[in-house]
Amino acid sequence: VPVEVRVISTAICPAIAKTENTTALNRWGVWRNEHRNKLIAKAIHEVILELGGQPQILVGVATVEHAVHLYQHLRDFTLVYGSMDPNDKFRWERDELLPPDVHPISFAQREAYQKAFQEGTLRRAIATGVWHTGVDFPSLNVLVRADAQGGAIPNTQLPGRVTRSDGSKSLGIVIDFDDVHSPTLAGRAEKRLSGYRGKGWTIKQLLPRYLDT
């Protein structure tokens, strides 16, 4: 199906200082960036209101850490990931970021989630790279590129999830972010945009969203 890319500016987010420490940049610029995570949640709530009903939405993230922190704003989404460090699990449950005795999910549970998402019975999920390749989601209406990656594999595999159709949709929507709050992250965003342009997809640049603090 045709795809429309909606690029939301993160100019409203506090600037992130340039650093050579990639983990620190990702952690504070993306994974635990509450301003950016609130923008993601706001964009999702808006598209749900726009489309009506129960659109199927997949939020792509790079790490389970980001999935957990984003989950605070999207409690009706299902978390899908490969593994979870026991120490992280203990800390996240202690800090009430995760409900007790639910995580980590098993291989069987992850497979069940994938089957349900493929069949369209699971409508909302936040997933790490376990769903970047080898999956087919024909009912997917909206893909949210929360991952802030610029690599070839996620840039090729992730966007393709929304192009397939089971006949129930006439348009796929990709929501992405320009990440101008960080020069390095903005460079990755431009790589993603370049890929969308190469596919001939319609791109709409959107203004920063107002956030209540």
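The values are calculated or read from the model by the stated rules, or taken from the named source; none is laboratory data. Model, not experiment: these values are computed from the prediction. Here the Cβ positions follow ideal geometry from the backbone for every residue, glycine too, while neighbour counts run over all protein chains shown. Surface accessibility is based on the protein's heavy atoms, side chains included, excluding ligands, DNA and RNA. Shrake-Rupley method; radii C 1.70, N 1.55, O 1.52, S 1.80 Å.
Restricting attention to segment 1-27, which residues are assigned to a helix (DSSP H, G or I) and either among the basic types (Lys, Arg) or surrounded by 17 or more Cβ atoms within 10 Å (Cβ to Cβ) (or both)? Listed by number, the residues that qualify are Leu25, Asn26, Arg27. The condition (being open to solvent by 30 Å² or more (accessible area, probe 1.4 Å), closer than 26 Å to Leu25 by Cβ and either out of contact with any Phe, Trp or Tyr (no Cβ under 9 Å at 6 or more places or on another chain) or not hydroxyl-bearing (Ser, Thr, Tyr) (or both)) is satisfied by just one residue among Ala152, Ala189, Ala146: Ala152. Pairs are defined by a Cβ separation below 7 Å, a sequence spacing of at least 6 or placement on different chains, a first member in segment 161-177 that is in contact (Cβ under 8 Å) with a residue 12 or more places away in the chain and closer than 19 Å to Ile44 by Cα, and a second member that is assigned to a loop (DSSP other than H, G, I, E, B) and hydroxyl-bearing (Ser, Thr, Tyr); the pairs so defined are Gly172/Thr163; Phe177/Thr10.
Put simply, of Ala152, Ala148, Ala127, Ala186 the only residue that is under 25 Å from Lys38 (Cα atoms), without any contact (Cβ under 8 Å) to a residue 24 or more places away in the chain and out of contact with any Pro (no Cβ under 7 Å at 6 or more places or on another chain) is Ala186.
Among the conditions (1) in a helix (DSSP H, G or I); (2) within 23 Å of Arg145 (Cβ to Cβ); (3) modelled with pLDDT of 95 or more, Glu46 misses just one, which is (3).
Enumerate the pairs (first residue in segment 21-43 and within 25 Å of Arg6 (Cβ to Cβ); second residue anywhere and open to solvent by less than 60 Å² (accessible area, probe 1.4 Å) and of a type in the set (Gly, Ala, Ser)) with beta-carbon separation below 7 Å, excluding pairs fewer than 6 apart on the same chain, so at least 6 apart or on different chains. Listed pairs, sorted by first residue: Leu25/Ser182; Gly29/Ser182; Val30/Ala148; Ile40/Ala146.
Here the condition is being among the hydrophobic types (A, V, I, L, M, F, W, C), crowded, with 17+ Cβ neighbours inside 10 Å, outside any loop (DSSP other than H, G, I, E, B) and out of contact with any His (no Cβ under 6 Å at 6 or more places or on another chain); of Val162, Val130, Val68, it holds for Val68 alone.
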